[in-house]
Every structure is written in structure tokens, then in C-alpha cells.
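Shown below is the structure under consideration.
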Amino acid sequence: MARRVTYQIFDMPDGRFSVMVTIEPDKTMTRDGFATQAEAGAWVDGLRDIMAVLGAPVSLAFPDYPGSLPMNEVLAFIRKAPTEAD
């Protein structure tokens, strides 16, 4: 049975880009150090080709944000998110 594979590109504070990939149910990996968003996108295209052979389509984790997400803003949002205790 093919597993769902999702990815998201992040804009890191040092100006480089990172790709986070999740293979459901619980495997997450990160590839860091891409100089440009296009370079990160090309890596995702290669991943998409490999996973297609295995019957596991690759999709964007957050389709509402097709570009790179700024990591600083993502972390700030997570830190401000209310917890169940709130």
C-alpha cells in the first residue's frame, strides 16, 4: 500500500532553504542547505520521480502556501499557539 508523502520548503534565517518531507504515518526527514528556492524545488522534483516509481505521490503539505514558508514566522506561530491547558 502506497503511503502519503508530503513536503514543504522553508526559508531559513541564514538565507538558505530547507525541505521537510513526511512519509506517513511517522517518518519525517529534512534536507538543508539549498542556496535557492529553485534548487530546493528541483530536489523535490527528483523526489517526486523516485516516489512515483514506488506508487507514492508527493504533494505539498500546506497547499495554501505554495512558496517557501519563513521558518522564523513558523516558529513564532507555534510558540504562540494556545495549548489544551489554555
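Kindly express, to the nearest 10 degrees and within the range 0 to 90, the angle between helix 71-80's C-alpha long axis and the longest C-alpha principal axis of the chain.
Roughly 50 degrees, rounded to the nearest 10.
With all pairs of different alpha carbon atoms counted, what Kirkwood hydrodynamic radius in Å does the chain show? Display every interim value, and only then the final one.
On the way: mean 1/r = 0.0718 Å⁻¹.
Averaging 1/r across every pair of different Cα atoms and inverting gives 13.9 Å.
222 nm [θ] for the chain, helices only, -39500 (n - 2.57) per DSSP H run of 4+, per residue, to 500?
-10000 deg cm²/dmol
OK, next. State, to one decimal in nm, how far the label point of Glu39 lies from the label point of Arg79, with both points 7 Å from Cα in the Cβ direction.
Rounded to a tenth, the inter-label distance reads 2.8 nm.
Another question, if that's okay. Tell me, what is the per residue accessible area of the chain in Å², probe radius 1.4 Å? List each step's numbers first, then the result.
Values: 6090 Å² over 86 residues.
The answer is 71 Å² per residue.
Using 0.36 nm times the number of residues separating Ile23 and Arg48, minus their current alpha carbon distance, what extension gain do you get? Intermediate values should be presented prior to the final figure.
Details: separation 25, 0.36 × 25 = 9.00 nm, distance 1.24 nm.
Extending this stretch completely gives an extra 7.8 nm.
I'd like the carbon and sulfur percentage of the solvent accessible area for the chain, probe radius 1.4 Å, heavy atoms only, ligands and nucleic acids excluded.
Values: 3550 of 6090 Å².
Result for the chain: 58 percent of the exposed heavy-atom area is carbon or sulfur.
The values are calculated or read from the model by the stated rules, or taken from the named source; none is laboratory data. Nothing here was measured: the structure is a model prediction, and the numbers come from that model. Heads up, the Cβs are rebuilt from the backbone with ideal geometry, glycines too, and the neighbour counts pull from every protein chain shown. These area figures cover heavy atoms from the full protein model, side chains too; ligands, DNA and RNA do not enter into them. Shrake-Rupley method; radii C 1.70, N 1.55, O 1.52, S 1.80 Å.
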